[in-house]
Amino acid sequence: MSIRIKELRIKKGVTQLEMAKSLNKSQSAYAAWEAGDRCPPTDILPQLIEQLDTTYDYLFGASNQRTYKRELDLLWANEKKTFLTLLSIDQNEIEILGEERLNALFTFYRFQLNEAVTEHEKKIPVFSTPKDTSLWINFLKDVKPT
């Protein structure tokens with residue numbers, strides 16, 4: 001656990017002192033957690049997990065997945081919902097199309113959008129993960145019909 005606490009803190013770009021203050025602990029107490037000399041108290045764990053943007057399973061070594069799959073699923077669902085709204089596809093049409101066709105439409109949409117970005121030599125990254133949802137939405141707001 002100590003290695004992961006340190007790794008996540010460094011990834012966030014904060015010092016031990018900053019992290020300790022955010023948890024209302026001394027720097028020496030926090031440093032002991034990273035050194036493996038002591039474990040964080042159980043009452044601090046929820047706040048520590050939140051501050052490090054991770055999961056209990058990752059912190060305790062039960063998983064190598066730093067975020068919840070459910071969170072990723074929610075991000076994908078939100079992006080698909082935005083896509084359906086943009087196309088004005090209602091619930092009845094969703095049921096008629098079915099999951100397989102909706103996924104095909106969504107995949108096609110993402111492919112076409114990436115192609116359009118490339119064609120117009122936009123200096124923005126190619127989006128491929130659920131975390132990019134806000135970038136997609138901002139990009140779509142700025143796209144002007146040709």
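The values are calculated or read from the model by the stated rules, or taken from the named source; none is laboratory data. All values reported here derive from a predicted model rather than from experimental measurement. Heavy atoms of the whole protein, side chains included, go into the accessibility calculation; ligands, DNA and RNA do not. Shrake-Rupley method; radii C 1.70, N 1.55, O 1.52, S 1.80 Å.
Accessible-area rank, largest first, for 25, 11: 11, 25, with all protein chains present and a 1.4 angstrom probe.
If you sort 37, 57 by accessible surface, 1.4 Å probe, largest first, the order is 37, 57. Residues 115, 95 ordered from highest to lowest accessible area at a 1.4 Å probe: 95, 115.
Normalised by the number of residues in the stretch 1-51, the average gap of Cα pairs under 8 Å and 6 or more apart makes the relative contact order 37 percent.
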